[in-house]
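Working notes, structure below.
The values are calculated or read from the model by the stated rules, or taken from the named source; none is laboratory data. Just so we're clear, the structure is a prediction, and the values are computed from it rather than from any experiment. Here the Cβ positions follow ideal geometry from the backbone for every residue, glycine too, while neighbour counts run over all protein chains shown. We work out accessible area using only protein heavy atoms, side chains counted, and drop any ligands, DNA or RNA first. Shrake-Rupley method; radii C 1.70, N 1.55, O 1.52, S 1.80 Å.
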Amino acid sequence: MSSTASRPRGRYETSRRLRPARLAFHDVLRTGAVGLRARRTRVVLSALGIAIGIATMIAVVGLSTSSRADLMSRLDRLGTNLLTAEAGQDAYGQQVKLPKNAVAMVERIGPVQHATATADVDARIRRSDVVPEERTAGVTAQAARPDLLTALGAEVGRGVWLNEANERLPVTVLGSVAARRLGVTAPGEKIMMDDEYVVVVGILEPIELVPNLDRVALVGFPAAERHFGFDGHPTTIFERSSDPSVADVRAVLARTVSPGNPAGVKVSRPSDALAAKAATDEGLTTLMLGLGAVALLVGGVGVANTMVVSVLERRQEIGLRRALGATRNAIRLQFLTESLLLSALGGLAGAALGTAATHGFALVQGWTPVVPPWSLAGGLAATLAIGALAGLYPAIRASRLDPTTALNAT
């Protein structure tokens, strides 16, 4: 054996193999939490900014999602296969009159499942004869066919609907808003149409697809002709067909309703208004998310400020740890962990507040509360990212403090 191999290792060779001790994960958390426990009031105030930002973002996403889910549920219930054809104006600006047999012509279209109509009636509506004629309470008169509710999927809230027995009589069914404006609370009361009293036989529930019918007093076609000089021409045609054929029916509906003047017929789908509302809500959600992100950024600035002040106040602690052998990496890790814990505290509080706000508001509105899991995960991830960025500079600054200078700091 050579003399080199048997030579005992020197002190230099042994010390060269020494490595700084690594902190275990639970030790990292414990040292990072020391500063938070010592300054609880400051921690709460700093975490509040993060909490407000996260709560805003989660609540906005949750409420928007709940609203859209409720809207989609309503669309599924009401159906998207209802089309309307309304009388418009011709090239000379004159009101177009739809043919009296327009409903029968629409029913001849193959995919059409149901067709009905309403018509404007020139009659002033008042609560009684003591009310001046010009005070109509914003209620208009329309004639309706007995099958209108079936086509619209509407319901009578109180009383009965028009039928073959009463559609020739001076009776009316009021929309929900019309009844409220006229002060009618129950069937059997009377209102005036022109100079004639008519009996209210029913009050409708709100009609979501055609809300303008909530503000009218409806009478039968025969009664409108007999008592109010109605000429029998419909104003609006309502048609339902199978979902796959809606586009095809829409393409031919105007020409079918008014073969001589299809340009004077306006065809629309009432469900498009609800779909447009969903798109509007989505745009508003994006704006509110931007505001939430600003609040989160402000909270991150507050965390960074708190950590910088913490480093300045704890210079002696940092110097003592460095003198006892803590490495710069250990100091950086301590303050970065403290920043992450502070942000996570605010993020968890914000997630709880946002979820609670979503459930509370949704239940008040009658919606089913929906908080997407991705919004919670994204919010917490954003919180940790903000915490890491906010704590990076203070952690680097703390690790660069000279132990001797830090211990002599006052």
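Using only the heavy atoms of the protein chains and a 1.4 Å probe, how would 384, 297, 82, 336 rank by accessible area, largest first? Write down the numbers at each step before the final one.
Values: 384 85, 297 105, 82 5, 336 45 Å².
These residues rank, largest area first, as 297, 384, 336, 82.
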Excluding residues fewer than 8 positions from residue 97 in its own chain, the aspartates and glutamates with Cα under 20 Å of it are 86, 107, 120, 122, 225, 231, 239
The alpha-carbon center of segment 133-149 and that of segment 194-211 are separated, in whole Å, by 6
In terms of the charge dipole of segment 168-274, which places +1 on Lys and Arg and -1 on Asp and Glu at the beta carbon, the residue among 173, 249, 238 farthest towards the positive end is 249
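Just check segment 94-169 against the gyration tensor rule for me: Cα atoms, a ≥ b ≥ c as the square roots of the eigenvalues, rounded for a/c under 1.5, and otherwise prolate or oblate depending on whether a/b exceeds b/c. Working shown, then result.
Working: a/c = 2.66, a/b = 1.58, b/c = 1.68.
Taking the square roots of the gyration eigenvalues as a ≥ b ≥ c, segment 94-169 is oblate.
Hey, can you find the accessible area per residue of segment 117-190 for me, probe 1.4 Å, expressed in square angstrom?
I get 49 Å² per residue for this part.
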The answer for GluC sites (Glu not before Pro) in segment 133-232 that fall in a DSSP coil and have at most 14 neighbouring Cβ atoms within 10 Å is 133, 134, 155, 164
The alpha-carbon center of segment 340-402 and that of segment 244-274 are separated, in whole Å, by 50
Under the rule rounded for a/c under 1.5, else prolate if a/b exceeds b/c, else oblate, using alpha carbon gyration tensor axes a ≥ b ≥ c, segment 182-272 is classed as oblate
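Ordering 361, 238 from largest to smallest accessible area (1.4 angstrom probe), what's the sequence?
Final ranking, largest accessible area leading: 361, 238.
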